[in-house]
Amino acid sequence: MNEFSYTKHILYINDNAHYGGGSNDYVAKAQARNKTSREKSTANIAEYFGLNSVDLEPFIITRGNAELASSSEKSEGAVSANGFIRWDALCHLFNKHFIPINEKDGLPLFVLTCTQLINEDLPINESEVRAGKHMSPILMAKVNNPLADKIISGETTALDNSLDPTVCLAPHQHERALNNERSKKLMGMFTQHGIVPAVGDQKIADEFEKMINYTLSEHEKKYYIGHMLLNINRLQQTYKSMKYDEEGAIKKDFSLWDYIGKIWEDVNDAGGNNHDFKITSDLERPNIVRVVDMRYQESVNLKQEDIIELNIQSNDSIVRDFSFNTSIPSAMSATIAIAAQAPKNVNSLEAASFGAFHQNISNRFATFSEPEEPTGPTEEEIVLLEQNFKTDMRTYSSGLKDLSKHMDAIFQGGFMVAADGGDTLKSEEVGKYKGLVNAVRRASENLIKMYPKTENGNFKGQPIPKPSTSATSAIIPLKFNATLDGISGIIIGNVFKLPDSRLPRGYKKANIAFVVMTEDQTITSGQDWTTKITGQMIILPKKGVSGGGTGDGWEGIDYNQFNEEADTTKQYNKGESISAEQGAIDPGMNKVRVGSKVYLKINDDYSHVRSGAVIDNESSYGRWDDNIIGLFQTSRKGKYLGKVIATTSTATYASIPEHKDANGNTVKEKWYRALADGNPDKNKPVSESIIENEGWPWYKISFGENAQKRFKQGWLWDAPNNSLDKGGADKGALWNDSKTGWMRLDVLMSSNKGTKYGPEGTFAEEDK
C-alpha cells in the first residue's frame, strides 16, 4: 500500500456518513453500501494487525463503537465520538509505510518505537522475564496530586488528563481500551522494529515473544506512552496543513520529524503542559527514535538510593573533563528574580521550585532584616495565614470538582467537535480548564508546604520549615557537561547524581540530580574512545519533616474533612432527616482512603449502592430515573464489603462567594442547599450558622466475593410506597461488568469489630 492507503482506510472506518433528502429507499441503499465498504476497510486493517476479527480495539477506536445512551448516563462508548489510534499502532504504520527507505541498504532511515531494550548483555530468562534481556515500555510521568493521600478531594486523576479530546485521550480516559486483553502485554510486532535488522525472521520473532512474555502492571498500562490515544481527524488535519500549501502543492520544507514533533506539542498543550514530551534519538542506535516525557518521577523502578553517583574527581574516575553552565530562557528570568526577593513566600510554586538558584545570593538594592531570636506570628499574621490556607483549599477543592465535571463531559462525548483547522470549537472553554489544572496544582503544592491545623505551637497556614516536595520535577536550566572514557549503555533519559562536594556551593543542599539530554561517542584515528554527555538538572523529591520531631501536621489530618461529631440527621440532600443509626458516623472512617477495607454499618434499613457519588432518586430534581444499582438488605451490619478504589466529596451545601453586583456593590457570601450537580439551589437558602459539614464523603468500592453473594442487583427501596421494588433500579445492569459502586459515609464502617460479622461473630467470614 502507498503512503495514504492505510490512512484512508482508518479515516474511512471512522466516518459515519449521514444522508438527507431523497427517498427512504435511496437512503437505505446508500447507507448499506457505506456500511459494506466500511466493513471491508475494517477487515483489511484488522488483518494487518494480526487480528482474527474486525474488532480493532484497542489499537483503533472507531466512531462506529460509539453507542450513546441517554444524556444522563455515562457510556463507555461515548468517548469514541471521534476516531482514535493508539501511539504504538501509529508508530507501526509509520515504520511500515511512511518512513523513507535508504536506497543503499534497503532499510528505513529511522524507526519509531515506544519501548527500550533492557539488560542487553544478559541472556533471556524465560522463567523471570524482567531479570534477563527484555523489552520494557517507555512510561510517561504520573502527575501527582500531592494531597491525594491526605484528604478526600475528588477526582484523583484530574491533573493528569487530556483536556482536549480533539487532540488526544490519556490511556486511563478510555477504560474499555485500557482493559482490553491486548493492552495487558507489549505487542511483538510493535517492539521489533529497529532493534534487530532482520525483522520477519522466525527465530528473531520467537526471541522477541520471549522478551515481552510478561504482564504489564496497572501503573504501566496507564502510563505506557504507547497507550496514548491520538485523534485521527487531528492527525489528518495537521498532516495536510504541514505538507500542503493553500493551493495544494507540497511544501519543500516538510519533514516527518517536524510532523511527529507537532503531534506531541499538541499533546503537551492538551494536558495543560503537565508533561513535556520530546522526540529523542538513541546515539548508540541512531536509527531508533522515541518520544519521551522529560518530567522526572521517582517510581518503584527508580529509587533515589539506586541512582548512580558519577565520581568526577579522583584517581579512579573515568571523567576526563567537566563543566557547569546555565542557560536560562528569558521567560524564566523574571520568575527567578522574584523568587530571589521573596524566598519565604510559599504562595508561588515557581518560587519554591527555583529556590536553589539564589541560595546565598544577596540583593544589592534591598535588605531584609531578620530578628535575632525568632518570634511567633502576631494575631493579625495568624488570621492572614489561615485566610491564605482557606483560599488555596477553596481553589483546590472547587477546582478539582470543576475538572471532574469536565472529565465527565468528555467521557459522555463532549468537546469532540473540531473546527476546520482541527482545533476544538470550544477552545476558549478548554483553555479555561487548562488554566484551572495549573491553578489546582499550584494550590496543592502550596498547601502541602503549610501546617493544616493549629497545634503544637504551629499555626494553620504557617510555612513548614522542611516541607515535602513533589514526586515529579521539571527540568531546571543548570547543565553539567562531561567527557568520559568511552562507555556504552548511556541513553537519553538516564538519571545520575554528583557528589555534593563537587556541586556549586548554592546547590549542595538542594537534593539534585541530572538527566542525560545529549550523548556523543567519538573514536579518534589513534583508537582513543571518548563519550560526551550533557546532563540537565532536576530537583529530587524530599520527604518532609519539621523541627522538633512533630512531623508536618498532615499525618493526623482529618482525611475526609468531615465533622463526625456533628448532628448529621438534618444534613441530607433534600433536607429530610435520616435515622439515628445512619446519622451516627463511625469516627474510624476518617482514616479510610483508597485501598482500605470497608464494612456495612446499617442494620435496620436497606443500604443502596449507586453508580455515582450523589443521592439521585426518581423524581429528584425533576428527573425520572435514578442512579441506584442495587442494595444490601437489613441485618447485615459488619458485613465485609470490599476495598475502596476511589473517593470523593459531594456538596450538601453550596455557596455563592462574595462578589460585586452589576452596580459595583459588594454582595456577601450566601449559602444554599446543593442541587444534585453540586451547584447552589437558590430556592433553598440556609443560614451559615447551621452548616456543620459542607460536603459528604463518598467511597467507590470494589466488592468482594462474599458481598457479591449478598448483593441484590436491581433492587431499590421505594420509600414513598414503603416497599421493595425488585426491578426498579435503573442502573442495575452496571453490576454485571465491574462489581463496583458508590456508597456514602453514613452507611459504612471502618471495622466490623463487635458485630456478628466481626472477628468473633457468628458470621465472621471475610474475603481472603
For this session: Please verify whether region 349-371 includes one or more residues that are acidic (Asp, Glu), more than 30 Å from ALA513 (Cβ to Cβ) and at pLDDT 75 or above.
Result: no
Exercise. Quick check: is even one residue across region 728-746 of a type in the set (A, V, I, L, M), in contact with a helix residue (DSSP H, G or I) (Cβ under 8 Å, 6 or more places away or on another chain) and either outside any loop (DSSP other than H, G, I, E, B) or touching a residue at least 24 places away in the same chain (Cβ under 8 Å) (or both)?
Worked result: yes
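Would you pick out the residues in region 650-676 that are of a type outside the set (D, E, K, R), part of a loop (DSSP other than H, G, I, E, B) and in contact with a strand residue (DSSP E or B) (Cβ under 7 Å, 6 or more places away or on another chain)? Talk me through it step by step, then tell me what you get.
Filtering region 650-676 down to residues of a type outside the set (D, E, K, R) leaves 650-657, 659, 662-667, 671-672, 674-676.
Next, only the ones that are part of a loop (DSSP other than H, G, I, E, B) stay: 652, 657, 662-665, 675-676.
THR652, LEU675 - these are the residues of region 650-676 that are of a type outside the set (D, E, K, R), part of a loop (DSSP other than H, G, I, E, B) and in contact with a strand residue (DSSP E or B) (Cβ under 7 Å, 6 or more places away or on another chain).
This table checks each residue for (1) modelled with pLDDT of 95 or more; (2) assigned to a loop (DSSP other than H, G, I, E, B); (3) within 31 Å of the chain's Cα centre (by Cα); (4) buried (at least 16 other Cβ atoms within 10 Å of the Cβ).
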{"position": "ALA566", "(1), (2), (3), (4)": "no, yes, no, no"}
{"position": "VAL594", "(1), (2), (3), (4)": "no, yes, yes, no"}
{"position": "HIS608", "(1), (2), (3), (4)": "yes, no, yes, yes"}
{"position": "THR648", "(1), (2), (3), (4)": "no, no, yes, yes"}
Exercise. Conditions: (1) polar (S, T, N, Q); (2) in the same structural domain as GLU181 (by TED's automatic domain parsing); (3) at pLDDT 60 or above; (4) in contact with a Leu (Cβ under 7 Å, 6 or more places away or on another chain). SER75 meets all but one. Number of the miss?
Worked result: (3)
Exercise. Residues in region 681-700: is at least one within 30 Å of ARG176 (Cα to Cα) and assigned to a loop (DSSP other than H, G, I, E, B)?
Worked result: no
Seminar exercise, completed: Restricting region 522-539 to residues that are among the polar types (S, T, N, Q) and over 37 Å from the mean Cα position of the chain (by Cα), the one nearest to ALA482 (Cα to Cα) turns out to be THR530
Exercise. Do we find a residue being within 15 Å of THR166 (Cβ to Cβ), of a type outside the set (A, V, I, L, M, F, W, C) and surrounded by 18 or more Cβ atoms within 10 Å (Cβ to Cβ) anywhere in region 212-232?
Worked result: yes
Problem set entry | Test: residue in region 113-124 that is assigned by TED's automatic domain parsing to the domain that holds VAL289, free of Cβ contacts under 8 Å to residues at least 40 places away in the same chain and among the hydroxyl-bearing types (Ser, Thr, Tyr) | no
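Matching residues to (1) surrounded by fewer than 24 Cβ atoms within 10 Å (Cβ to Cβ); (2) of a type in the set (Phe, Trp, Tyr); (3) in contact with a Phe, Trp or Tyr (Cβ under 7 Å, 6 or more places away or on another chain):
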| site | (1), (2), (3) |
| --- | --- |
| LYS150 | yes, no, yes |
| VAL167 | no, no, no |
| ARG176 | yes, no, no |
| ARG182 | yes, no, no |
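The values are calculated or read from the model by the stated rules, or taken from the named source; none is laboratory data. No experiment lies behind these values; they were computed from the predicted model shown. Note that we place each Cβ from the backbone using ideal geometry, even for glycine, and neighbour counts take in every protein chain shown.
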